[in-house]
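Below is one structure, written out as structure tokens; comments come after it.
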Amino acid sequence: MSSTPPEDTRFNNFVLLQAQNAGLFLGQLPHPATGEKSVNLIAAQSVIDSLEMLVDKTKDNLSASEDALLKKAIENLKNLYKEAEDLG
């Protein structure tokens, strides 16, 4: 029996949704209601912090691709956060 946890598409969808929310907060996506882009660094940092907490809480309980998706999402969001912070 393999010790690798099975894939769960709900986890991937959750990570992608959180990354999309952070992208909205970082001015990467227009607000769905207004169509305008705005930056909310506090909200974006909250999403990043939550995803980092998820890394700790799911340690050794993710498939390799789930782990890679989560870590790549955090890396990308941190880079976007830094760019938004530098512009602000």
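Every read-out reported here was derived from the displayed coordinates using simple, explicitly stated rules and does not represent laboratory data. Everything numeric here is computed off the predicted structure, so don't read it as measured data. Using ideal geometry, Cβ is built from the backbone for each residue, glycine included, and neighbour counts are taken over all protein chains shown.
For Ser65, what is the net charge nearby, where nearby means another residue's Cβ is under 12 Å from its Cβ and Lys, Arg count +1, Asp, Glu -1?
Combined, the nearby Lys, Arg, Asp and Glu give -2.
How big is segment 9-87 in terms of Cα radius of gyration and Dmax, in angstroms?
12.9, 41
Where does each of 31-41, 6-16 land if you order them by average Cβ count within 10 Å, highest first? Intermediate values should be presented prior to the final figure.
Working: 31-41: 10.5, 6-16: 12.5.
Peptide ranking by packing, descending: 6-16, 31-41.
Compute the angle between helix 9-25 and the longest alpha-carbon principal axis of the chain, please, reported from 0 to 90 degrees and rounded to the nearest 10.
20 degrees
Excluding residues fewer than 8 places away in the same chain, name every one of the aspartates and glutamates whose C-alpha is closer than 18 Å to that of Lys37.
Glu83, Glu85, Asp86
With r defined as the distance between the Cβ atoms of Thr58 and Glu36 and R0 fixed at 41 Å, what FRET efficiency is calculated, to the nearest 0.05?
The pair Thr58/Glu36 has a calculated efficiency of 0.75.
Could you tell me the calculated FRET efficiency between Ser3 and Lys82, based on Cβ-Cβ distance and R0 = 35 angstrom, to the nearest 0.05? Spell out each step's value before the answer.
Values: r = 36 Å, r/R0 = 1.04.
Approximately 0.45, to the nearest 0.05.
From the phi angles alone, apply the Karplus equation (6.51, -1.76, 1.60; θ = phi - 60°) to segment 45-58 and give each ³J(HN,Hα) in whole Hz, x where the residue is Gly or Pro.
For segment 45-58, the Karplus curve yields 5, 4, 5, 4, 4, 5, 5, 5, 4, 4, 4, 5, 6, 10 Hz.
Given H placed 1.01 Å from N in the peptide plane, which residues other than close sequence neighbours of Leu26 have an amide H under 5 Å from its amide H?
For Leu26, the qualifying residues are Asn40.
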